[in-house]
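Here is the structure we will look at, set down as structure tokens.
The values are calculated or read from the model by the stated rules, or taken from the named source; none is laboratory data. As the structure is a computational prediction, the values presented were derived from the model and not from experiment. Using ideal geometry, Cβ is built from the backbone for each residue, glycine included, and neighbour counts are taken over all protein chains shown. All accessible areas refer to the heavy atoms of the entire protein, side chains included, with ligands and DNA or RNA removed. Shrake-Rupley method; radii C 1.70, N 1.55, O 1.52, S 1.80 Å.
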Amino acid sequence: MLAVDQRPPLLKLVSEALGTPENVVGAEVGLLKGLIADALAGAVTGLLIDPFLGYPRVLSLLPRATGLLLTLEDHRFETTADGYRRSGLIRGWDVDAAVRAGADALKLLVWYRPDAPADVRTAQEALVRLVGDACARVDRPFVLELLLYPLAGEPPDVYAHRFPDLSRDLVEAFAARSFLVDLYKLALPGRPDGVREWGGTLYGLPDLGDAMARTTRLLPAPWVLLSGGMPSDHFIESLRLAAAAGARGYLAGRAIWWRAVEAYPDIDAVRRRLNDDASRVLQSLNRIVQALPPGPPASDWRVGTRGPAPQEEWVR
């Protein structure tokens, strides 16, 4: 699956390319998202998009065979006085609104530190339960993306060293079936710059493979790998490792299309790179997924009619 719901990285890229403030480049970011979808959506089984910048641009470009995933979280989060993050939904947007817009599945990103104060952890967990309950009520799959983050003043080497343990605790925090998660979207359980095979000194790829196998055993639902913006060759290698550890695919964006959009504002160059470099990355990723052994039978999910539609028009 292809992620095109990113907002801050694209807003920053377009703003700097045009020399304009980020708050006035929404249309240009939407154009880029449309270019990505037009070039790549036919090669994936699902496309993840945000509701306001991307959705209007990609809806008419999405092949009928490609599922529509809509994101729920606001990219702006609250930061507490001691540096911990609280996530929230996009204002004026929720599961019901996404279903009316034709979503086949919903995605929520939650920032989480297992060592955060109890009130911060409880708030993040409550948001996940709120969305899980809402997705179950409307019979749509719930995709939960879990991300760690460094604290202000936390030395990068200390954070990188702790990352595998924090990743383990993060997964454990949301492994209960009561969260009603249908698919987890997870990062490599180590910082890429700490991987020995990629020039780091902290952990080897076999160590991370063992950690991902533990994740597979722990979780009550399948999981897929996110790229976190790592270089495409590292992500391909990571997916190969994750697949061997039990991951069921990928849901990634920047590792696939970032080099293409870096050519902005040269739209022709963006198109060429999407059709060339990005397509080759997708082909490599898809070969790994296509070689996976069959998983358990899929649930009989209802697939909604694209675009606003009343509930009685849903079809199986």
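Taking (1) in contact (Cβ under 8 Å) with a residue 12 or more places away in the chain; (2) within 25 Å of Ala98 (Cβ to Cβ) in turn, Ala126 satisfies each apart from (1).
Take the conditions in a helix (DSSP H, G or I), of a type in the set (Lys, Arg) and closer than 15 Å to Lys185 by Cα and apply them to Arg168. Does it pass? Judged against the criteria, Arg168 is a match. Summed over segment 277-308, the residues that are over 23 Å from Ala103 (Cα atoms) and either at pLDDT below 95 or of a type in the set (Lys, Arg) (or both) give a count of 6. Of the numbered criteria (1) of a type in the set (A, V, I, L, M, F, W, C); (2) more than 21 Å from Leu130 (Cα to Cα); (3) part of a helix (DSSP H, G or I), the one Leu47 fails is (3). Of all residues in segment 110-126, exactly one satisfies the criterion of being open to solvent by less than 20 Å² (accessible area, probe 1.4 Å), within 27 Å of Val4 (Cα to Cα) and hydrophobic (A, V, I, L, M, F, W, C), namely Val110.
Any chance you could count how many residues in segment 77-92 are touching a residue at least 12 places away in the same chain (Cβ under 8 Å) and open to solvent by 50 Å² or more (accessible area, probe 1.4 Å)? The total comes to 5. For segment 2-14, the count of residues that are part of a loop (DSSP other than H, G, I, E, B), open to solvent by less than 40 Å² (accessible area, probe 1.4 Å) and farther than 19 Å from Val281 by Cβ is at least one.
Ala136 meets the conditions (1) in a loop (DSSP other than H, G, I, E, B); (2) at pLDDT 95 or above in every case but one. The failed one is (1). When Ala255 is tested against the conditions (1) open to solvent by less than 40 Å² (accessible area, probe 1.4 Å); (2) over 17 Å from Gly190 (Cβ atoms), the lone failure is (2). Listed by first and then second residue, the pairs linking a residue in segment 44-64 that is closer than 15 Å to Asp94 by Cα to a residue that is of a type in the set (Phe, Trp, Tyr) and open to solvent by less than 40 Å² (accessible area, probe 1.4 Å), with Cβ atoms under 6 Å apart and 6 or more places separating them unless they lie on different chains, are Ile49/Tyr55; Pro51/Trp93. Only one entry of Asp182, Asp193, Asp139, Asp115 meets the criterion of being in contact (Cβ under 8 Å) with a residue 24 or more places away in the chain, acidic (Asp, Glu) and touching a Cys at 6+ places or on another chain (Cβ under 9 Å), and that entry is Asp182.
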